[in-house]
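Presented below is the structure to which this report refers.
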Amino acid sequence: MQQENDIHSTIVIFGSSRIPDAKTATEHLQETEAMAMASPSDLALVRKVKIARRILSNARYYDEARELARMITADSQQGGKCELVVITGGGPGIMEAANRGAMDAGGKSIGLNIVLPFEQRPNAYITPELCFQFHYFAIRKMHFLKRARALVASPGGFGTLDELFETLTLIQTRKIKPVPVLLLGSTYWRRVINF
């Protein structure tokens, strides 16, 4: 399908499935704070408020991934050409933001979704004919890197770290051609990994 759509190069954007846009994060925080105010002694609700605040503070990464994908797409998909197509894991959060940014620019984007027992389903912003389902992480990661010209790792969890370090290992061992690796969100990355 990628060949049929004349896609020869991609920009991979990884990141958390749990970082929503600012509007969604704000609404969730307000709902959580209201519940906590109604039950101030409920420690579980107090913890949920802290988490909701952290999610809202991270919502900026959704906006940054969306804008980056919009700029990449606007610059590389003009006049019928399909260079540097944004490719994501196809799920919610940062992945959705990147696919959404490509759609904002009127371009195509790819989603390589993984079948999981919960949480992961394709987001609505993937170009429909470029939405693929995978059962195995290893095969999916291979397809992420097959046409990759760069990798953008946004804040995320174990999946993002796995994808990032697999890429770095493949570059280090010369199993793939070196590609630029951009870590979006220096505050986050300095806290997670002391490079």
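Please treat every number below as a calculation from the coordinates, not as lab data. What you see is a predicted model; the values in this text were computed from it and never measured. All Cβ positions, even for glycine, are placed from backbone atoms using ideal geometry, and neighbour counts span all protein chains on display.
Here are some residues: 167, 160, 187, 173. Which one is under 22 Å from residue 8 (Cα atoms) and hydroxyl-bearing (Ser, Thr, Tyr)? Even if it seems obvious, please write down each step before you answer.
Values: 160 fails: under 22 Å from residue 8 (Cα atoms); 187 fails: under 22 Å from residue 8 (Cα atoms); 173 fails: under 22 Å from residue 8 (Cα atoms).
None of the others qualify; the one that does is 167.
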Residue in segment 1-28 that is nearest to the chain's Cα centre (by Cα), counting only those that are farther than 17 Å from residue 84 by Cβ and surrounded by 20 or more Cβ atoms within 10 Å (Cβ to Cβ):
15
Per-region count, segment 73-93, residues assigned to a helix (DSSP H, G or I) and surrounded by fewer than 24 Cβ atoms within 10 Å (Cβ to Cβ):
3
The condition from (1) within 18 Å of residue 9 (Cα to Cα); (2) touching a residue at least 24 places away in the same chain (Cβ under 8 Å); (3) of a type in the set (Lys, Arg) that residue 121 misses is numbered (1)
Inside segment 36-48, can you point out the residues that are over 24 Å from the mean Cα position of the chain (by Cα) and assigned to a helix (DSSP H, G or I)?
36, 37, 38, 43, 44, 45, 46, 47
Quick check on segment 175-188: of everything there that is closer than 24 Å to residue 54 by Cβ and in contact (Cβ under 8 Å) with a residue 24 or more places away in the chain, which residue is surrounded by the most Cβ atoms within 10 Å (Cβ to Cβ)?
185
If you go through segment 105-124, how many residues are under 15 Å from the mean Cα position of the chain (by Cα) and assigned to a loop (DSSP other than H, G, I, E, B)?
6
Restricting to segment 125-174, count the residues that are crowded, with 16+ Cβ neighbours inside 10 Å, in a helix (DSSP H, G or I) and not small (Gly, Ala, Ser).
13
What number of residues within segment 151-174 satisfy the criterion of being in contact (Cβ under 8 Å) with a residue 12 or more places away in the chain, within 19 Å of the chain's Cα centre (by Cα) and over 21 Å from residue 64 (Cβ atoms)?
3
Being free of Cβ contacts under 8 Å to residues at least 24 places away in the same chain, under 23 Å from residue 116 (Cβ atoms) and out of contact with any Leu (no Cβ under 7 Å at 6 or more places or on another chain) narrows 94, 51 down to just 51
Residue 147 being more than 13 Å from the chain's Cα centre (by Cα) and without any contact (Cβ under 8 Å) to a residue 40 or more places away in the chain:
no
